[in-house]
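Asker: Got a structure for you, written out below as C-alpha cells; questions coming shortly.
The values are calculated or read from the model by the stated rules, or taken from the named source; none is laboratory data. Keep in mind it's a predicted model, so treat the numbers as computed, not measured. Here the Cβ positions follow ideal geometry from the backbone for every residue, glycine too, while neighbour counts run over all protein chains shown. The accessibility values were calculated without ligands, DNA or RNA, using every heavy atom of the protein model including side chains. Shrake-Rupley method; radii C 1.70, N 1.55, O 1.52, S 1.80 Å.
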Amino acid sequence: MSATTSTSTPGDPRSAIQAAFSRAITAILGDEFAEADPLIRNTTNPDHGDFQCNAAMGLAKRIGRKPRDLAEDLLQAVDLGDLADPPEIAGPGFINIRLRTDTIAAAVQQMDAPALGVIPSDDPRPIVVDLCGVNVAKQMHVGHLRSTIIGDALARVLERRGRAVVRENHLGDWGLPIAMVLHRLREAGTDLDALTLTELDVAYREAQASARDDAAGLRAANERHAGPHRIAELEAQQSGAEQARSAAADTLVALQQGDDELVRDWNRLIDVTMQAVYDALDLLNVQMGPENNRGESFYRDHLQPVIDHFEKNKLCRTDDGALVVDFEDRERPLLIRKRDGGFLYATSDLAAIHHRTQETGADRCIYVVDARQKDHFRDVFDAARIAQWDRTNDGHEVQLVHVPFGSILGPDKKPLKTRSGTNLTLASLLSEAVERGTREVAARAESPSAPTHGLDDAGIAAIGRAVGIGAVKYADLSSDLVRDYVFDMDRMIAFEGDTGPYLQYAHARICTLLEKAGDLDPAAPIRLEDNQERQLALVLLRYPGVVADVAASLEPHRLCGYLHELADTFSGFYQACPVLKAEDEIRQSRLRLCDLTRRVLEDGLGLLGIEAPPRM
Ligand code: ARG
C-alpha cells in the first residue's frame, strides 16, 4: 500500500509550508513538476529554524542548473504569508524556514477544541472492516486476538475521521468441519446443554482425526509388503475415515435442509463458542456483539448465485469437474466449486465481497487477517474484479485491502505455546495480562505519594486491567504489522520504553498536575517563548495529520510512534519549563499546553483502543 498518501491538514504549519513550496516549484518549473516532493524536513539544529526545504539540489540536477540559483528562485516565488519569517539559503542550496511564533500559537489555539483539529470526512459511504473471524467449535487463538485488536484500532481511526464503519465478524460457522463435529457429538450422545468450549474443542479435533485416513501409508505398506497386522490396521482406519466422512456429508445435507434438531444443535455450538469470544471482546473493550456476526453461514444461500454469475458471464471454466477462475498473470487458478459440488472458503468470500460492495455499498473493504492468507485474498480480490464487484452500484471505485499481520512468538521464537505445549488460548493470555497489570499498579500504590495510594481493590483492579490490556494492545500495534513479534510480558508492561503503560503513565501524570493546579483558564492566550514550548506546540499540531495518515495507510504503528514522540517532547518541555511555579500568564499558557497534550494522548490512545486512566 502506498505510504506516501499526502494528507493536507490546514492547521499544521508543516503541511502549509509543504503546499507553499509545491506551488513555488510548479510556478518556476511548470506543471510537469507538480508531483515533485518539496522535501520539507525538521531542522536538526533549532538555530537554523524549524524546517528546511531540501528540494533545490535534486531539482537543479534534473534541469541542469546550479542548486543555489534555483534556491534563490524558489525564495522569490514562495509565498509563506504570515506563516514564517523570510526564509534563508544555507550551504549548497538548503532553505531554512523559521515559523513565526505568533502563527504557531494561533494554530495551537485553534486546535484546542473538542475535535483537536481532526476534520471529519463528508463521505457518506460505509467502510467494512473484517475482523476477529473466529471459528465455531474452536478456541479463539492469538491470531484472532491480533485481528481483533488491529481491526478495532483501524475502525476507530476511520470513525474518528467521520466515516461510518461496519465491523464484520466473518465467523467460520458453516460447512463440513462443523457438520463433522455435530455428527461426532451426536454419536457420543453428548449433552449439549452442559457442553463447555474445552470439550467442544476436543470433539472438533477428534472429529477431524477420525475423518483423516492414511491412504498413502496404506499404499506404501502394501508395496513394502508390511506385516498383515499393520495393513489390517491401516485398512480399518481407511474404512472408518470413509464412514466418518460420508456421515458428516449426510449431516451437512440435513443441516443445509434445515433439519430442526440439527439446526438447534448447531446454534448451541455457536452459543458455546461465542460466549467465550464475547467475554474476551469485553475484556478487550471492543464493542462487538451478535449484531456484528456475519459468518460463512450468512452467505450459504448466496453461494450458488455467485457461481451462476461466473458461469453466465463465462468468467470461469470446468477443470476435471471442478469450477475454476483463471488469472492473466499467473498459472494457478482459483477453485470456486469442488468436483463434488461443494463450495469453498473462497466462494464464501466472493459472496461476502458481493454483499459488501453491492448491497452495503461500501467503497473500502478492509480485511485484517493473518499474513498466511495473502494468496487467498489476492485471488479472491482479483476474482471479484473479474466479476466487476470492485465498483459500487453508483459507480464508485472500491478499494479491497488485505491488512496482513505476523505471528506472536514465544521466547523460543516459535508460535506462542503454553507450558504444556498446547496452543495458548486467548483467555489465558488476557488473564495473565490483567493479573500482571494489577500487580504493577498495586505495587506502585503502596507508596504514600502515589496518586493511587489508598484506592480500594476495585479501583486498583480497574486501573490494572487498563494497564495490562493496554500493554498487550500497544505491543501488538506499535511495530510493523507483518512482522512476527515475541510476546514478552515483562517488556510490554514496563512503564518506560516504547510501551502502552509509558503513554498511559504520561497521561496520568498530566492529569495529576492539572488537578493540583486546579485553575486552568481555557481562554488564556498561548505564549511560546521557550524553545521547548515551541517544540511541543509543533508536535501537537501534527496530530490531525497523523490520524489522516493512519486512515490512509492503515498502519497504526505511525500513531504509536507519534504518541511516543509527543510524550517524550512533553517530558522535555516539563523538565525545562516549570508550570505550577511560573508566574501567572506563563503558568496559564503552560497549563493549556499540558491540557492539550493530555487530550491528544487520551484521544490517540482511544483510537488504539487503549484506556487512559486519570490516575496511575
Ligand atoms: N475464520 C478464518 C480463519 O480463522 C478467518 C476469516 C477472515 N475473514 C474472511 N473474510 N475470510 O482463518
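Asker: So, L334, is that one closer than 18 Å to H170 by Cα and either in contact with a strand residue (DSSP E or B) (Cβ under 8 Å, 6 or more places away or on another chain) or crowded, with 16+ Cβ neighbours inside 10 Å (or both) or not?
Answerer: Here the answer is no, as L334 does not meet what is asked.
Asker: Report, by residue number, each residue of segment 152-194 that is farther than 30 Å from G361 by Cα, within 13 Å of the ligand (Cβ to nearest atom) and open to solvent by 10 Å² or more (accessible area, probe 1.4 Å).
Answerer: Passing the criteria: only P177.
Asker: Scan segment 124-141 and tell me whether some residue there is farther than 22 Å from S428 by Cα, over 20 Å from the mean Cα position of the chain (by Cα) and surrounded by fewer than 16 Cβ atoms within 10 Å (Cβ to Cβ).
Answerer: Checked against the condition, which is being farther than 22 Å from S428 by Cα, over 20 Å from the mean Cα position of the chain (by Cα) and surrounded by fewer than 16 Cβ atoms within 10 Å (Cβ to Cβ), segment 124-141 yields at least one hit.
Asker: Condition (residue is more than 16 Å from the ligand (Cβ to nearest atom), β-branched (V, I, T), surrounded by 13 or more Cβ atoms within 10 Å (Cβ to Cβ) and in a helix (DSSP H, G or I)) applied to segment 210-232: is it met by at least one residue?
Answerer: So far as segment 210-232 goes, yes, one or more of its residues are more than 16 Å from the ligand (Cβ to nearest atom), β-branched (V, I, T), surrounded by 13 or more Cβ atoms within 10 Å (Cβ to Cβ) and in a helix (DSSP H, G or I).
Asker: If you don't mind, another one. Filter segment 487-502 down to residues that are surrounded by fewer than 24 Cβ atoms within 10 Å (Cβ to Cβ), closer than 19 Å to G561 by Cα and out of contact with any Ser or Thr (no Cβ under 9 Å at 6 or more places or on another chain), then give me how many there are.
Answerer: 5
Asker: Considering only residues that are open to solvent by 20 Å² or more (accessible area, probe 1.4 Å) and out of contact with any strand residue (DSSP E or B) (no Cβ under 9 Å at 6 or more places or on another chain), which ones fall in segment 84-106?
Answerer: P86, G91, P92, T101, D102, A106
Asker: Right, here's the next one. Take segment 278-297 and flag every residue that is assigned to a helix (DSSP H, G or I), buried (at least 17 other Cβ atoms within 10 Å of the Cβ) and away from the ligand (no atom under 16 Å from the Cβ).
Answerer: Selection gives L283 alone.
Asker: If you take the residues in segment 108-122 that are touching a residue at least 60 places away in the same chain (Cβ under 8 Å) and either surrounded by fewer than 22 Cβ atoms within 10 Å (Cβ to Cβ) or not small (G, A, S) (or both), which one is farthest from the ligand (Cβ to nearest atom)?
Answerer: So the residue we want is Q109.
Asker: Then there's this: What are the residue pairs meeting all of these: first residue in segment 171-184, first residue in contact (Cβ under 8 Å) with a residue 40 or more places away in the chain and under 16 Å from D349 (Cα atoms), second residue open to solvent by 10 Å² or more (accessible area, probe 1.4 Å) and more than 15 Å from the ligand (Cβ to nearest atom), Cβ atoms under 6 Å, and 6 or more apart or on different chains?
Answerer: As it stands, the answer is none, since no pair meets every condition given.
Asker: Please find, among G11, G81, the residue that is loosely packed, with under 15 Cβ neighbours inside 10 Å and either in a loop (DSSP other than H, G, I, E, B) or of a type outside the set (K, R) (or both).
Answerer: Matching residue, one of G11, G81: G81.
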